[in-house]
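To keep things clear, I will list the structure first and then write my remarks on it.
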Amino acid sequence: MGGATETFYSVIRRQGMTRRSFHKFCSLTAASLGLGPLAASSIANALETKPRLPVIWLHGLECTCCSESFIRSAHPLIKDALLSMISLDYDDTIMAAAGHQAEAILEETRAKYRGRYVLAVEGNPPLNEGGMFCIDGGKPFVEKLRSMAEESMAIIAWGTCASWGCVQAAKPNPTGAAPIDKVITNKPIIKVPGCPPIAEVMSGLVTFITTFGKLPELDRQGRPSMFYSERIHDKCYRRSHFDAGQFVEEWDDKYARKGYCLYKMGCKGPTTYNACSALRWNGGVSFPIQSGHGCFGCSEDGFWDKGSFYDRLTTIKQFGIEENADQIGMAAAGVVGLTVAAHAAVTAVKRLTHKPDRAAHKSKPS
Amino acid sequence: MFGNDIGDRARKLFAAVDAKPTEWSIGIAISYAPVRLWHWVNAAAILMLSLTGYVIGTGTPAMSGEASGNFLFGYIRFAHFSAGYVLSIGFLLRIYWALIGNAHAMQIFWVPLWRKCLWREVYHEIRWYAFLTVEPERPVGRNRLAQLAMFFMFTQTITFMVVTGFALYGQGADTDSWQYKLFGWVFSIWPNSQDVHTWHHLGLWVIVTFALVHIYAVVREDSWRAGASL
């Protein structure tokens with residue numbers, strides 16, 4: 001597959017892209033990363049001179065939506081460029097090779113680019129029953145993951161599956177599916193959560209790594225801060241309705257038609273770190289809230305297990321019942337209130353019956 | 001070292017409290033001006049926080065007119081955050097007062113759970129509230145059961161609310177803010193902040209429950225005393 005001396009630029013030109021389009025791509029990428037005007041030429045320079053970054057793309061338990069998203073990165077020309085930018089040496093979903101030929105590439109990359117390739121993982125490994133719930137190339141996927149991670153430079157955990165566990169790790173999680181950072185602990189892991197992640201976030205991240213030859217700054221949760229430092233809520237175009245106290249009360253009411261805030265409809269924008277409200281989807285066309293539906297919080301940890309997507313106060317399962325904080329709290333306060341009332345009544349009765357005693361007690365303090 | 005110092009101090013202070021005879025004066029427990037002042041500022045802040053917090057959790061009925069002409073939810077959140085600052089600063093000053101003040105000031109922060117006599121007194125207080133004994137051992141202001149309730153329901157909950165509150169505030173204030181830097185570790189415990197919202201909201205109900213019992217116990221004590229002195 002990819003030779004070590006081939007640069008991105010030579011691949012791009014070979015694929016028939018003009019130099020003009022190439023520079024357009026560089027400027028667009030610089031702009032989308034929020035870099036200064038000079039960064040476009042640095043990106044161009046890097047792509048022209050640096051050898052391509054070998055990438056091994058593994059698939060565990062997943063739905064391939066990350067790949068689907070990635071190959072739709074904003075612009076068709078950019079898509080082509082990105083598939084060539086990295087030397088995607090192995091990706092069983094879209095590669096031509098199959099069977100033993102494909103598996104041989106893994107061994108070759110492991111030996112040839114020891115410590116210099118990036119391992120991109122889409123999906124996650126199930127750990128129960130020795131990993132038998134996901135067999136890949138005749139072996140449990142978890143073994144393949146461990147062996148490829150051993151010699152890699154860094155790991156990109158694509159999507160919520162690899163970052164947090166997602167649907168296959170939702171309760172009760174019969175296969176024991178676990179996010180990558182629970183399995184691989186000795187390598188830098190970049191989490192790119194989202195179900196799927198935004199195409200431009202994925203291509204932007206790859207561009208950053210190939211351009212600067214280093215990993216981006218990560219936040220507390222291990223996500224690249226350039227895309228995950230703000231919540232959907234912080235840049236939501238409906239934010240003014242939130243601050244004004246204008247909320248949709250029911251789907252399809254007049255407030256929904258007016259485009260009010262979806263807070264009461266259970267929108268998870270206030271608790272979800274992602275770039276949807278800034279970058280949007282499908283080349284900047286729209287994002288869920290713009291299409292009239294609240295955010296699911298798909299890029300957050302355990303989003304399948306946090307109760308309904310349509311409730312503001314989500315249910316608490318820790319008590320073995322599915323009630324939200326208000327229901328639990330009101331019940332507790334109610335019980336205590338009744339107890340207090342009953343106690344007050346008994347006190348009053350006792351007071352009346354014990355009056356003579358108390359007078360006697362007064363003379364001898366305890 | 002420091003811990004030991006506090007331990008010694010607290011032991012001495014409690015010895016002083018124990019040595020004092022029980023007097024029928026609720027005032028003695030909270031008669032000290034700073035604690036009294038703190039109590040009412042704190043109560044007002046809690047009232048404001050509870051009301052605004054409940055509304056923030058449920059949302060307001062829709063306001064008519066343009067978004068540019070309204071800022072209702074913004075004002076509610078502003079009130080919540082301001083009251084949160086008042087409560088937090090008050091709580092810090094209260095801790096300071098506990099360290100330099102008298103034994104009573106220390107009570108809600110220091111519960112010697114390992115002391116047998118504490119449990120004996122708690123047992124006695126439970127019996128008193130269960131109408132099984134006629135006289136309480138100490139007035140409500142400093143009985144051991146009240147102290148336990150204060151420590152577990154008030155002190156702990158308020159600490160939890162301050163920490164989670166600032167963590168959630170830090171999310172809005174940006175990840176570069178001091179609030180996020182200081183309290184962001186909360187999201188290492190609950191990576192999905194929806195959980196933090198849920199627990200913070202549940203904390204409101206713990207405080208409400210506490211307030212119910214607290215107010216009842218005080219009113220009952222007051223009227224009992226009034227009855228006794230008649």
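Just so it is clear, none of the values below were taken in a lab; they were calculated from the coordinates. Predicted model only: the values in this text are computed from it and were never measured. Please note: Cβ atoms are built from the backbone with ideal geometry, for glycine as well, and neighbour counts cover all protein chains shown.
Any idea what log10 I(q)/I(0) is at q = 0.14, 0.17 Å⁻¹ for region A:85-182, Debye with uniform C-alpha scatterers and no solvent? Debye intensities relative to I(0), on a log10 scale: -0.54, -0.79. In terms of surrounding Cβ atoms within a 10 Å radius of their Cβ, B:L37, A:L145 rank from fewest to most as B:L37, A:L145.
Beta bridges per DSSP, both residues in the protein assembly as shown: antiparallel share near 35 percent. The H on the amide N of A:F287, modeled in the peptide plane, is under 5 Å from the matching H of A:W281, each at least 5 residues off or on a different chain. Ordering B:T133, A:S203, A:H343 by the projection of their Cα atoms onto the charge dipole of the protein assembly as shown, which places +1 on the Cβ of Lys and Arg and -1 on the Cβ of Asp and Glu, puts B:T133 at the extreme positive end.
Length available on full extension from A:E322 to A:A96: 0.36 nm per residue minus the Cα-Cα distance, which gives 76.5 nm.
A helix-only calculation puts the protein assembly as shown at -16500 deg cm²/dmol for mean residue ellipticity at 222 nm, using -39500 (n - 2.57) for each DSSP H run of at least four residues, averaged over all residues. Charged neighbours of A:G138, selected by a Cβ distance under 12 Å, balance to -1 (K, R count +1; D, E count -1).
Between the listed residues B:W38, A:P126, B:F154, the Cα displaced farthest toward the positive end of the dipole of the protein assembly as shown, a dipole computed from Cβ unit charges relative to the Cα centre, is found at B:W38. Working ranking of peptides B:167-180, A:189-202, B:189-202 by packing, defined as the average number of other Cβ atoms within 10 Å per residue, highest first, is A:189-202, B:189-202, B:167-180.
Given +1 at the Cβ of Lys and Arg, -1 at the Cβ of Asp and Glu and no other charges, the dipole of region B:111-230 around its Cα centre is 500 debye to the nearest 20.
Compactness of region A:8-228 is given as radius of gyration and Dmax, 17.1, 54 Å, from Cα positions. The mean number of Cβ atoms from other chains found within 10 Å of a Cβ in peptide B:210-218 is 3, as a whole number. Per-residue extension of 0.36 nm, minus the Cα-Cα distance of B:I95 and B:Y54, leaves a gain of 12.0 nm for this segment. Distance between the pseudo-spin-label points of A:T49 and A:E107 (7 Å out from Cα toward the beta carbon): 3.8 nm.
Along the axis of the charge dipole computed for the protein assembly as shown (Cβ charges of +1 for Lys and Arg, -1 for Asp and Glu, origin at the Cα centre), the listed residues A:Q15, A:A332, B:G69 are led at the positive end by A:A332. Footprinting exposure proxy ranking of B:M153, A:M265, fewest other C-beta atoms within 10 angstrom first, gives B:M153, A:M265. When A:D89, A:D301, A:D253 are sorted by how many other C-beta atoms sit within 10 angstrom of their C-beta, beginning with the fewest, the order is A:D253, A:D89, A:D301. Inter-chain Cβ neighbour count for A:260-269, averaged per residue, equals 2 (cutoff 10 Å, partner chain atoms only). Of all DSSP beta bridges confined to region A:8-228, the antiparallel ones make up roughly 20%. Here the dipole of region A:232-312 is about 300 debye; that uses its Cα centre as origin and unit charges on the Cβ of Lys and Arg (positive) and Asp and Glu (negative). Here is the size of region B:45-99 from its Cα atoms: Rg then Dmax, 15.0, 53 Å.
Residue by residue along B:198-205, Cβ atoms of other protein chains within 10 Å of the local Cβ number 6 on average. Volume per residue of the convex hull around the Cα atoms, evaluated for the protein assembly as shown, comes out as 204 Å³.
For region A:232-312, the spread of Cα positions along the three principal axes, ordered from largest to smallest, is 32, 31, 21 Å. For A:I156, the amide hydrogen comes within under 5 Å of the amide hydrogens of A:L119, A:A120, A:V121, A:I190, counting only partners 5 or more places away or on other chains and with H modelled in the peptide plane. With a threshold of 31 Å on the Cα-Cα distance, the over-threshold entries among A:K112/A:K214; A:K139/A:K306; A:K191/A:K306; A:K112/A:K182 are A:K139/A:K306. The convex hull around the C-alpha trace of region B:111-230, projected and averaged over every direction, spans 9.6 square nanometres.
Note on the protein assembly as shown: with charges restricted to the Cβ of Lys and Arg (+1) and Asp and Glu (-1), its dipole about the Cα centre is near 1680 debye.
Listed values for region A:19-33 are Karplus-derived 3J(HN,Hα) couplings in whole Hz (6.51 cos²θ - 1.76 cosθ + 1.60, θ = phi - 60°), namely 5, 4, 4, 4, 6, 4, 4, 4, 5, 4, 5, 4, 5, 5, 8, and x replaces Gly and Pro.
Distant-in-sequence amide contacts of A:R116, defined by a placed amide H-H separation under 5 Å and a gap of 5 or more residues or a different chain, comprise A:M153. Derived value for region B:70-115: Kirkwood hydrodynamic radius 12.8 Å. Basis is the mean of 1/r over every pair of different alpha-carbon atoms.
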